[in-house]
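Right, one structure below, let's go through it.
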Number of protein chains: 2
Amino acid sequence: MDRGKLNWLSAAEAAQLVRQGAVSAQELMKVCLDRVREVDGKIQAWAFLDPDHALAQARAADDFRLSGQPIGPLHGVPVAIKDIIDTADMPTERGSPIYTGRTTSRDAAVVATLRGAGAVIMGKTVTTEFATRTPAKTRNPHDPDHTPGGSSSGSAAAVASGMVPLALGSQTSGSTIRPASFCGVYGFKPTHGLIPRPGMFLLSRTLDHVGLFARGIDDIALLAETLAGYDERDPDTRPRARVPFVEVAREEPPLPPLFAFVKTPHWERADGDTKEAFAELQGNLGERVEEVELLPSAMEAWEDHRTIMQAEMAGNLSKEWERARELLSPELRVQVESGREVRALAYQQAVARSRAIYDGFAELFAQRYDAILTPAALGTAPKGLTSTGDPAFCSLWTLCGMPALSMPLLQGANGLPLGVQLVGPRDGDARLLRTARWLVGRLPAE
Amino acid sequence: MDRGKLNWLSAAEAAQLVRQGAVSAQELMKVCLDRVREVDGKIQAWAFLDPDHALAQARAADDFRLSGQPIGPLHGVPVAIKDIIDTADMPTERGSPIYTGRTTSRDAAVVATLRGAGAVIMGKTVTTEFATRTPAKTRNPHDPDHTPGGSSSGSAAAVASGMVPLALGSQTSGSTIRPASFCGVYGFKPTHGLIPRPGMFLLSRTLDHVGLFARGIDDIALLAETLAGYDERDPDTRPRARVPFVEVAREEPPLPPLFAFVKTPHWERADGDTKEAFAELQGNLGERVEEVELLPSAMEAWEDHRTIMQAEMAGNLSKEWERARELLSPELRVQVESGREVRALAYQQAVARSRAIYDGFAELFAQRYDAILTPAALGTAPKGLTSTGDPAFCSLWTLCGMPALSMPLLQGANGLPLGVQLVGPRDGDARLLRTARWLVGRLPAE
């Protein structure tokens, strides 16, 4: 074990070393903070990071363990939290000047759960403005002239650059999958309602998901297992038996999975790199993959997604609109203005259609396929910081509330990472991770 | 036992006699059908009633019982079903010429449950057009020149006139409470989501409730206990432990209940009869009732109710609007037209405000009161058949999804019945029935 590189350990490995007493939470945190000092000047992944506070929490975790009390599955593991998710001990500014210096006395549900599992909340990672598309300061860790993607820009970049093993983000269109793809990490958007959202800034009840970032499938499973649950304050969660994500994700599938390769109407817009990489992937999978066309009903999904997102955004940002619209970015103002014009009829019809669209996919999974295989983004991270990229390959799955995983398995000609996206049926989260692991094992090692 | 008056038995009594073999389901049905022949020419409560089919079902119930198999709590008891609720063996025309002769091969969830409990589905009762406010043919059983109220007109009138002991209706504004009040029966609108709605015409997911009609609290409890449940097709229901409604409703409250008399801003519009009757009721209750003012936030409830109802109605009637709007009544066309103009923003804000309004009531119940006491309608049934009356005293409670019971305890100077409405906290349905029974016992016998 190279103690200077503890920051690159997986969360599962780190937790085990802490549990065994081989590494202290403080040592782990110090190495992560060293890494921040080393690389964050260029990357700028953090909206708030107080090294002393982070270390004090790590010390408390060590003291707790030494007291002999039982410890949780993430004991001593640093986790970064997207700055739209409330923390009682750090500001939560939501990427907007309207909330500069905003503090709250209450942890979001996911933060409270993480603390209960022993995690050390390291700091807050940069979000775009209210988790929408207006870019923030973070840069791509692979090339600072490129966007890290958004809106969970800081979370993806911090995990990718070894500053922290785990991070929480969110996704309303492609805000987890896209930055994960651009930064070269695993990004997981679980089934809508799997992870409770109270204390996370609500942009769109219908579309908002908590997103997870890690550098491996095991860690994604560990984080999902910790956070899945019921919260009566989130009407889209429901009580269910605990899913052993870690165990299921490690299992060998009883049969080799069959993938549905779905190009979507946006395939034409994908980069040459993406098309080439997917052709190669298809070749590797041979008979285990079949190309599947979207049903005609699904073609309206992008439009429906926009209708729902804009309408709900306008509702959830109405206080900000009324009191401080001059502090919203011009881009966001345009979105809110459009949202305020949406008719309740169009909104309801979009919601109703999205259920019908999902029914089509449910059928596909029930009859034949284990997972949908599709790009995570049009290509590698675009150059420049004026846009966080296009969520074209995400909106459909987000609309349907299906679990989606971006896996850093490909590379563009420019050397930047390119994600493979796997999508499963609702509530098939753990099996999707198992399928993902099978896929990784199937590919030729580089 | 006067065998010619079996139609006036309560459902609980009838079920017991059938169980004991003292009365057959066929005899019970015959007496109910006799009553229909006697009075329905004037009342016109039925949209569909095939006496032979009703008797055949009763015969099947008798055969089943004689076979020695275990029987359900409503075995052999006739039940009437509002004509917006699907039945596999009878047409469901939804009070609209668009659906004349419409049949379906599937029972609504509640109908299937009733059949499972042994009930005999007697026929379909008249609904106003799509359960909205356009009147239909039914007349008030106490005076055919007066409206029976709506939209569950036939259900209320059929139970009131002794044609059937139990009936199902629905409520989106005041469609159960108002006709119950006008016809002089018990009408119960349980907590939103307590009783599953699949197979009932959906007017407004947020506001639609299944409504229950009977001539006594015991029967309301029996029906509620039978029908409460989870249905995965109705996202507003949830799994919960079975509530022993019948047992709870029969219990003596551990302490005498305290009532909050809420006049609402519509009190001024109430008839002199209503004001007088409530003054007397207040006198009878003495210290057990306190007048409580609505919170300012609740004042917007009627407006919010209209926004939500019109918007959702426009959505749920969009197919009818597009294909056959000339077959909608002019009144309904106006409603749909308004609904189509509602903004998604206004709609969402109304939904959000309604949650806040309910929180105010929840507080009231948690701190001090057992039930809210309020009129069921402005007064007795208005003369004429061109309107079904005003839901002013219902919309607020419907908006909040709170359980509400109309009790036929008062009378106007014209001799027509006048309902007392009790409203409880969400999920306090069984206790509300217990409180209601206490109130009945407290009043001087006439």
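Remarks
- Breaking point among (1) outside any helix (DSSP H, G or I); (2) within 14 Å of another protein chain (Cβ to nearest Cβ), for A:Lys319: (1)
- Criterion (charged (D, E, K, R) and over 27 Å from A:Phe278 (Cβ atoms)) met by exactly one of A:Arg178, A:Arg205: A:Arg205
- Residue count for region A:279-304, restricted to those that are under 20 Å from A:Phe365 (Cβ atoms), of a type in the set (D, E, K, R) and surrounded by fewer than 14 Cβ atoms within 10 Å (Cβ to Cβ): 3
- Complete set of residues in region B:333-382 that are hydroxyl-bearing (Ser, Thr, Tyr), farther than 21 Å from B:Arg178 by Cβ and in a strand (DSSP E or B): none
- The test for being surrounded by 22 or more Cβ atoms within 10 Å (Cβ to Cβ), over 12 Å from the mean Cα position of the chain (by Cα) and in contact (Cβ under 8 Å) with a residue 24 or more places away in the chain holds for B:Thr147.
- Selection status of A:Ala314, of a type in the set (A, V, I, L, M, F, W, C), part of a helix (DSSP H, G or I), closer than 24 Å to A:Asn414 by Cβ and in contact (Cβ under 8 Å) with a residue 24 or more places away in the chain: no
- Boolean, B:Leu418 is part of a helix (DSSP H, G or I) and either of a type in the set (A, V, I, L, M, F, W, C) or in contact with a strand residue (DSSP E or B) (Cβ under 8 Å, 6 or more places away or on another chain) (or both): no
- In summary, B:Leu212 fulfils each of the numbered conditions (1) part of a strand (DSSP E or B); (2) out of contact with any Gly (no Cβ under 8 Å at 6 or more places or on another chain) with the single exception of condition (2).
- Every residue from region A:147-171 that is touching a helix residue (DSSP H, G or I) at 6+ places or on another chain (Cβ under 7 Å) and among the β-branched types (Val, Ile, Thr): A:Thr147, A:Val164
- Residues of region A:113-128 classified as of a type outside the set (S, T, N, Q), buried (at least 21 other Cβ atoms within 10 Å of the Cβ) and in contact with a helix residue (DSSP H, G or I) (Cβ under 6 Å, 6 or more places away or on another chain), total: 3
- So A:Phe182, is it within 21 Å of A:Pro73 (Cα to Cα) and either within 11 Å of the chain's Cα centre (by Cα) or assigned by TED's automatic domain parsing to the domain that holds A:Ala119 (or both): no
- Only one of the listed residues (B:Asp427, B:Asp390) is over 14 Å from the mean Cα position of the chain (by Cα) and either more than 23 Å from B:Ile195 (Cα to Cα) or in a strand (DSSP E or B) (or both). That residue is B:Asp390.
- A single entry from A:Pro165, A:Pro148 fulfils the requirement of being at pLDDT 95 or above, touching an Asp or Glu at 6+ places or on another chain (Cβ under 7 Å) and not small (Gly, Ala, Ser): A:Pro165.
- Screening region A:18-32 for residues that are in a loop (DSSP other than H, G, I, E, B) and of a type in the set (Gly, Ala, Ser) and picking the one that is nearest to A:Asp63 (Cα to Cα) gives A:Ser24.
- Looking at A:Leu409, A:Leu396, just one residue is within 17 Å of the chain's Cα centre (by Cα), in a helix (DSSP H, G or I) and away from chain B (no Cβ under 14 Å), and that residue is A:Leu396.
- Test for A:Ala350: is it over 28 Å from A:Asp143 (Cα atoms), among the aliphatic types (A, V, I, L, M), in contact with a Ser or Thr (Cβ under 6 Å, 6 or more places away or on another chain) and buried (at least 23 other Cβ atoms within 10 Å of the Cβ): yes
- For A:Gly401, the conditions (1) under 16 Å from the mean Cα position of the chain (by Cα); (2) more than 14 Å from every other protein chain (Cβ to nearest Cβ) all hold with the exception of (2).
Every residue, every condition in (1) under 30 Å from B:Gly154 (Cβ atoms); (2) assigned to a helix (DSSP H, G or I); (3) over 23 Å from the mean Cα position of the chain (by Cα), yes or no:
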residue	(1), (2), (3)
B:Asp219	yes, yes, no
B:Arg238	no, no, no
B:Ala241	no, no, yes
B:Pro254	no, no, yes
B:Ala260	no, no, no
B:Lys263	no, no, no
B:Asp273	yes, yes, yes
B:Leu281	yes, yes, yes
B:Glu290	no, no, yes
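- The residues of region B:81-112 that are crowded, with 19+ Cβ neighbours inside 10 Å, part of a helix (DSSP H, G or I) and out of contact with any helix residue (DSSP H, G or I) (no Cβ under 6 Å at 6 or more places or on another chain), listed by number, are B:Tyr99, B:Ala109, B:Val111.
- Sub-8 Å Cβ pairs linking a first residue in region A:339-366 that is under 12 Å from A:Glu300 (Cβ atoms) and within 12 Å of chain B (Cβ to nearest Cβ) to a second residue that is hydroxyl-bearing (Ser, Thr, Tyr) and surrounded by fewer than 17 Cβ atoms within 10 Å (Cβ to Cβ), at least 6 apart or interchain, are A:Arg353/A:Ser297, ordered by first then second residue.
- Residues of region A:148-174 satisfying the condition of being of a type in the set (Gly, Ala, Ser) and outside any helix (DSSP H, G or I): A:Gly149, A:Gly150, A:Ser151, A:Ser152, A:Ser161, A:Gly162, A:Ala167, A:Gly169, A:Ser170, A:Ser173, A:Gly174
- Residue check, B:Val31 within 22 Å of the chain's Cα centre (by Cα) and either more than 20 Å from B:Ile85 (Cβ to Cβ) or touching a residue at least 24 places away in the same chain (Cβ under 8 Å) (or both): no
- Selection status of A:Ile372, in contact (Cβ under 8 Å) with a residue 24 or more places away in the chain, within 13 Å of chain B (Cβ to nearest Cβ), crowded, with 21+ Cβ neighbours inside 10 Å and not charged (D, E, K, R): no
- Selection status of A:Arg37, in contact with a helix residue (DSSP H, G or I) (Cβ under 7 Å, 6 or more places away or on another chain) and basic (Lys, Arg): no
- A:Ala311 being within 14 Å of another protein chain (Cβ to nearest Cβ), crowded, with 23+ Cβ neighbours inside 10 Å and over 26 Å from the mean Cα position of the chain (by Cα): no
The values are calculated or read from the model by the stated rules, or taken from the named source; none is laboratory data. Note that the structure is predicted; figures quoted are calculated from it, not measured. Note that we place each Cβ from the backbone using ideal geometry, even for glycine, and neighbour counts take in every protein chain shown.
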